[in-house]
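Trainee: Just passing along the structure, written as structure tokens.
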Amino acid sequence: MKEVFKDVESNMKHAVDHFHQELKHLRTGRATLALLDGITVEYYGTPMPINQLANLSVADASLIVAQPYDSSQIAAIERAIMKSDLGLNPSSDGKVIRIPVPSLTEERRKEIVKKAHDMAEHARNAVRQVRREGNDGRRSGDRDPVAGAQRGARRTDHCPEPDSRRTRGNETENTAAADRERRCAQS
């Protein structure tokens, strides 16, 4: 039982941590290097994270600077940044790529709210799924004889004992009592 609880707790924590990581990728009007974490660049046919191909830094609150280790990859890095759904437009001078982070417009704020709401809903669903799997695991773990006997004992506490002293006077009452006894015997 404790193992199931620990597994459920760690999986729920993982779902919440993933949600926090996704929130870091939202463009909020301030330049952060976390914006570029999910971007991959085709480097000689192999997708590579952008932080492995360029030295990234934040010049000021609205500008990210990327200095590629291999200057022949500037075009590929710019293309990857433009393909991302961040809405960033990089510019280069041949050695350095400047990525201005524009201030938020009302339309972009609404998009961010929608994205954040969708991310939150996915995280809630992940937590619900983990809880459901934990409950199923707990229930399936109870199938051993000792736990099953204990569960059976708990369930039958509310069931009445068979009454052999019933009279045949009220046939409907006898049928209902027999149905209750049958259901209790099945559980």
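Trainee: Cβ contacts < 6 Å: first residue loosely packed, with under 14 Cβ neighbours inside 10 Å, restricted to region 102-123; second residue outside any helix (DSSP H, G or I), any location; separation 6+ or different chain. Result?
Mentor: From region 102-123, the pairs are SER103/GLY29.
Trainee: Oh, and also: If you go through region 90-112 one residue at a time, how many are within 34 Å of the chain's Cα centre (by Cα), at pLDDT 90 or above and within 30 Å of ASP70 (Cα to Cα)?
Mentor: Adding up the residues that qualify gives 5.
Trainee: Yes or no: ARG109 of a type in the set (Lys, Arg), within 14 Å of SER62 (Cβ to Cβ) and out of contact with any Cys (no Cβ under 8 Å at 6 or more places or on another chain)?
Mentor: For ARG109, the condition - of a type in the set (Lys, Arg), within 14 Å of SER62 (Cβ to Cβ) and out of contact with any Cys (no Cβ under 8 Å at 6 or more places or on another chain) - is not met.
Trainee: Under the condition of being without any contact (Cβ under 8 Å) to a residue 24 or more places away in the chain and part of a loop (DSSP other than H, G, I, E, B), which residue from region 73-90 is surrounded by the most Cβ atoms within 10 Å (Cβ to Cβ)?
Mentor: Top of the filtered list is ASN89.
Trainee: Can you tell me which residues in region 17-72 are over 15 Å from SER84 (Cβ atoms), hydrophobic (A, V, I, L, M, F, W, C) and out of contact with any strand residue (DSSP E or B) (no Cβ under 7 Å at 6 or more places or on another chain)?
Mentor: Of everything in region 17-72, those that are over 15 Å from SER84 (Cβ atoms), hydrophobic (A, V, I, L, M, F, W, C) and out of contact with any strand residue (DSSP E or B) (no Cβ under 7 Å at 6 or more places or on another chain) turn out to be PHE19, LEU23, ALA61.
Trainee: Looking at this structure, is ARG132 loosely packed, with under 12 Cβ neighbours inside 10 Å and part of a helix (DSSP H, G or I)?
Mentor: Against the criterion (loosely packed, with under 12 Cβ neighbours inside 10 Å and part of a helix (DSSP H, G or I)), ARG132 qualifies.
Conditions (1) among the aliphatic types (A, V, I, L, M); (2) touching an Asp or Glu at 6+ places or on another chain (Cβ under 8 Å), marked per residue:
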| residue | (1), (2) |
| --- | --- |
| GLY45 | no, no |
| ASN51 | no, yes |
| ALA54 | yes, no |
| ALA59 | yes, no |
| ALA66 | yes, no |
| ASP70 | no, no |
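Trainee: Test ARG143 against the stated conditions and say whether it is over 22 Å from LYS24 (Cα atoms), at pLDDT below 85 and not in a helix (DSSP H, G or I).
Mentor: yes
Trainee: Does GLN52 satisfy the criteria of being at pLDDT 90 or above, over 23 Å from LYS115 (Cα atoms) and surrounded by 12 or more Cβ atoms within 10 Å (Cβ to Cβ)? Even if it seems obvious, please write down each step before you answer.
Mentor: Working: at pLDDT 90 or above: yes; over 23 Å from LYS115 (Cα atoms): yes; surrounded by 12 or more Cβ atoms within 10 Å (Cβ to Cβ): no.
No, not satisfied.
Trainee: Report every pair of residues separated by at least 6 positions or lying on different chains whose Cβ atoms are under 7 Å apart, first residue within region 48-70 and part of a strand (DSSP E or B), second modelled with pLDDT of 90 or more and aromatic (Phe, Trp, Tyr).
Mentor: Listed pairs, sorted by first residue: ALA54/TYR69.
Trainee: Among (1) on the phi > 0 side of the Ramachandran plot; (2) touching a residue at least 40 places away in the same chain (Cβ under 8 Å), where does GLY94 come up short?
Mentor: Of (1) on the phi > 0 side of the Ramachandran plot; (2) touching a residue at least 40 places away in the same chain (Cβ under 8 Å), only one is false for GLY94: (2).
Trainee: Shifting gears a bit: Can you work out which of the residues in region 1-31 that are closer than 14 Å to ILE99 by Cβ and surrounded by fewer than 16 Cβ atoms within 10 Å (Cβ to Cβ) is modelled with the highest pLDDT?
Mentor: ARG30
Trainee: Just to be sure I understand, how many residues within region 18-36 are more than 19 Å from the chain's Cα centre (by Cα) and touching a residue at least 40 places away in the same chain (Cβ under 8 Å)?
Mentor: The total comes to 7.
The values are calculated or read from the model by the stated rules, or taken from the named source; none is laboratory data. Here the structure is a predicted model, which is why all the values come from computation and not from measurement. Don't worry about glycine lacking a Cβ; one is built from the backbone with ideal geometry, like all the others, and counts go over all protein chains shown.
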